[in-house]
Structure formats: structure tokens, C-alpha cells
Amino acid sequence: MIATPPPASLAERIAQAIRDAAYDCPGDCGLDERDCDAQHPIQVAACHWSTVASVYGDIDALAATVLPTVEAEVVARDAEITRLRAELADARTPTS
Ligand SMILES: [Zn+2]
């Protein structure tokens, strides 16, 4: 089995989060259409080669789905900036 590499770019990670959140109702989930949409606010609209290609969904649900991915990116970049500032401060400290 070939392991799938993690998405490389932020845009790819956001796309993957949306794909992961998309619910593909089989049509016999036991709910009527309104309740199914309410319970699964992001649903598969189309697949291409077994990959979710498009979704339809509630804007707030899409935003909530994307937010953790963006937050993780901000936290990681903050940590990198903090590390670089410390490295810069060390470089400016005269050695005697
Ligand atoms: Zn359903």
C-alpha cells in the first residue's frame, strides 16, 4: 500500500479539510432531505475518480471547517517567527 503524502500547501490542506467534511448521503440515511441537510451541512455534489470534486453547503459550516486548518497555519508561522526572532537576537549578541 502506498501512503498518501500530506497536502503540501495551505490551499491543498484547506481543500482536503473540505473534502473530509463533505458527507455523501446514500439517499437512504433515514432522514428527510431537510433533516439530512441540517445534520450534514456540507454534502458532496460531485466526485471525480472517487475523489470529492465539488460540494454544496452552508457558508458558516464551510468557514468552521476551514478555520482549524488556517489556525494551525497561523500558530506554526507564529512559532517560526518567534524562533527566527530569537535566532536574530542571538546573532546580534556580541560574543566576547
Ligand atoms: Zn441523507
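Bear in mind these aren't lab numbers, they're just calculated from the coordinates by the rules spelled out. Keep in mind that this is a model prediction, so the values were computed, not measured. Counting neighbours? That spans all protein chains shown, and the Cβs are built from the backbone with ideal geometry, glycine included.
Explain nothing, just the number: dipole magnitude of the chain about its Cα centre with +1 on each Lys and Arg Cβ and -1 on each Asp and Glu Cβ, in debye rounded to the nearest 20.
Working: 7 positive and 16 negative charges, 132 e Å.
Roughly 640 debye, rounded to the nearest 20.
Using amide H atoms built 1.01 Å from N in the peptide plane, name the residues 5+ places from Y23, or on other chains, whose amide H lies under 5 Å from its own.
So Y23 has HN proximity to I42, Q43, V44.
What is the set of long-range amide H partners of C47 at a cut-off below 5 Å, with H atoms built 1.01 Å from backbone N?
A53
Can you sort R83, R13 by how many other beta carbons sit within 10 Å, fewest first? The partial results should precede the final answer.
On the way: R83 10, R13 17.
Ranked by crowding around the Cβ, least crowded first: R83, R13.
With axes computed from alpha carbons, what is the tilt in degrees of helix 59-92 against the longest principal axis of the chain, rounded to the nearest 10 within 0 to 90?
10 degrees
Cβ under 12 Å from V66's Cβ, V66 left aside: what net charge do those residues give with Lys, Arg +1 and Asp, Glu -1?
Details: positive: R13, R19; negative: D20, D60, E71, E73.
Residues close to V66 contribute a combined charge of -2.
Considering the options G27, A76, V52, tell which one lies farthest towards the positive end of the dipole of the stretch 11-92, charges being +1 on Lys and Arg and -1 on Asp and Glu at the Cβ, about the Cα centre.
A76
Using the alpha-carbon atoms, what tilt in degrees (0 to 90, nearest 10) does helix 10-21 show relative to the longest principal axis of the chain?
With rounding to tens, the tilt is 30 degrees.
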